[in-house]
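The values are calculated or read from the model by the stated rules, or taken from the named source; none is laboratory data. Nothing here was measured: the structure is a model prediction, and the numbers come from that model. Glycine also receives a Cβ, built like all others from the backbone with ideal geometry; neighbour counts cover every protein chain displayed.
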Ligand SMILES: Cc1cc2nc3c(=O)[nH]c(=O)nc-3n(C[C@H](O)[C@H](O)[C@H](O)COP(=O)(O)O)c2cc1C
Ligand code: SF4
Ligand code: FES
């Protein structure tokens, strides 16, 4: 089920430049939208396509667009979220490096649909070379009349700029992104009001992920129904998956929704299995914020059905036996990897990235890091595991933004599925130090799956 | 500090033109939005870190109060408030990179440079840091130095890079670059 829509031309030589991109059919969606569709009709196509936000939450894009407030005389803004800082996620970078004009085109067509005249790409500050790639593509688009005043002779005008951040995961959260773009600390805002009503400079604003906006041209060109025909059920279209960890062929893959997880990990067309013939231990399929699953539950759900790459199949079983598609940051663990150490690095990450506004998140992430540090370094106690679960429950749902939940879930899930490994760490501190991995469920799930 | 006081930081004319261009990307009265990008430029031009004096200069340029600049400079990890070496090596140590041996990369660099994480070599050439996920997880282990990512690192690659950097001329002091 290899199906390339976004990356179809990503490997054509010279596609980074305007001439080749245009020759391969680039900017057709702008022509079609401006010349033959009303903005409402573009929004309708996106609704029909079933496209869901690729930034992590999976919210239907067309519906999000229809919430945008349209008061007379007030400017609206479209912001592209290229902050991409969720551990395991490096797909937006790939798209922007390989085929930058696709994002530019998607933003023009989307801005037309939303009645936006100024749009920004907010990109993480570390991606400095991509700022240059994007600014070059934007300059070419201005030169050829796809940006600027009265595009294609219509009344539609648009300015597009790139704004780099300063290094902060939290600026991926949409209201923190807006604060940062206003030149402030990335502190998420209390909602409501939502950005669709009061966003950038208190004006109505839409924030969308890079991959979401890059899907708009094909939807406009081929029609929403054609896009919806790809994929399975409510998971339409294709998804970029950034595969990392212990894989023979880590990298960015475009997959059709519905691809079996087992095929994605083991077939040569995709990740090519696990190096050194080692066994598959666990997986975090949607970026560090989503629950980790042991191999058996990753390949098959609790009912014994094959898991496939869709929003629904991956979340089957809720948080007890399921996980989430999230951002598509697909992290694979071989049998030698230590779940305790991994969980500790996540806790450290979230503590480092907490903006510090709410005490459950600021203090709770600090405590989780501290407790996991001591377990990992051989000073843990039996009651530490319940303490961790308790902290995670006290963070969850009690914070201004979802970073708190994102910090709590991975810890709770690791203990849920790998409790024996944590206990083994606590009870065999020296051995755990020397081997740096636990035994946990290994025998249990290798027996069950036979991989 | 005395030297700095008589020789305040100033962007070159070329830089000032860039600042004006960036300010122009935002509506009238929203020039504060240019702050993060201008701070990046200031850090690049004035010796790799931001002193209070540099931040005050940026505040002046953007017609905002100094505290607004301090707030931002202290929030984002890319801004250095203390001096760093000419080459700042930041190795990602988050989970996905650890799965592919980032801990060994850090250990190797510590041994090679003779410093620990968060330290600078005596000659002022290298600062070693660990960083949270930089968006290169599939190409781990990796490090960032300046505008570049160095990916799929091996000991041989690190040797080649560090040795080449070491041969560069002595880095100019921040205040020497200022007119
Ligand atoms: C802590 C946090 C970090 C986030 N980071 C990102 C990110 O790096 N990129 C992104 O597109 N969305 C990120 N999101 C999701 C955004 O808030 C927002 O939902 C998304 O940009 C909407 O775009 P979409 O509907 O196209 O997915 C993050 C959310 C949270 C709570
Ligand atoms: S949950 Fe954490 S990151 Fe989000 S606003 Fe509160 S303190 Fe900041
Ligand atoms: S975890 Fe190291 S770059 Fe993402």
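Assorted remarks:
- Residue match in segment B:163-170 (condition: closer than 21 Å to residue A:129 by Cβ and not in a loop (DSSP other than H, G, I, E, B)): yes
- Criterion applied to A:333, A:418, A:319 was being away from ligand 2 (no atom under 14 Å from the Cβ), more than 11 Å from chain B (Cβ to nearest Cβ) and crowded, with 19+ Cβ neighbours inside 10 Å, and the one residue passing it is A:418.
- Condition check for residue A:178: within 13 Å of ligand 2 (Cβ to nearest atom), in the same structural domain as residue A:100 (by TED's automatic domain parsing) and part of a helix (DSSP H, G or I): no
- Residue check, residue A:162 assigned by TED's automatic domain parsing to the domain that holds residue A:67, buried (at least 20 other Cβ atoms within 10 Å of the Cβ), farther than 20 Å from residue B:149 by Cβ and in contact with a helix residue (DSSP H, G or I) (Cβ under 9 Å, 6 or more places away or on another chain): no
- Within segment A:345-360, one or more residues are outside the structural domain of residue A:280 (by TED's automatic domain parsing) and away from ligand 1 (no atom under 16 Å from the Cβ).
- The condition of being assigned by TED's automatic domain parsing to the domain that holds residue A:260 and within 16 Å of ligand 2 (Cβ to nearest atom) holds for only one of A:288, A:313, that being A:288.
- Residues of segment A:153-170 classified as part of a helix (DSSP H, G or I) and either more than 22 Å from residue A:105 (Cα to Cα) or at pLDDT below 95 (or both), total: 2
- Within segment B:90-132, the set of residues being more than 13 Å from every other protein chain (Cβ to nearest Cβ) and in a helix (DSSP H, G or I) comprises B:105, B:107, B:108, B:109, B:110, B:111, B:112, B:113.
- Residue satisfying all of: in segment A:71-90; surrounded by fewer than 23 Cβ atoms within 10 Å (Cβ to Cβ) and under 11 Å from residue A:203 (Cα atoms); farthest from ligand 3 (Cβ to nearest atom) among these: A:73
- Verdict on residue A:402 being under 22 Å from the mean Cα position of the chain (by Cα) and within 10 Å of ligand 2 (Cβ to nearest atom): yes
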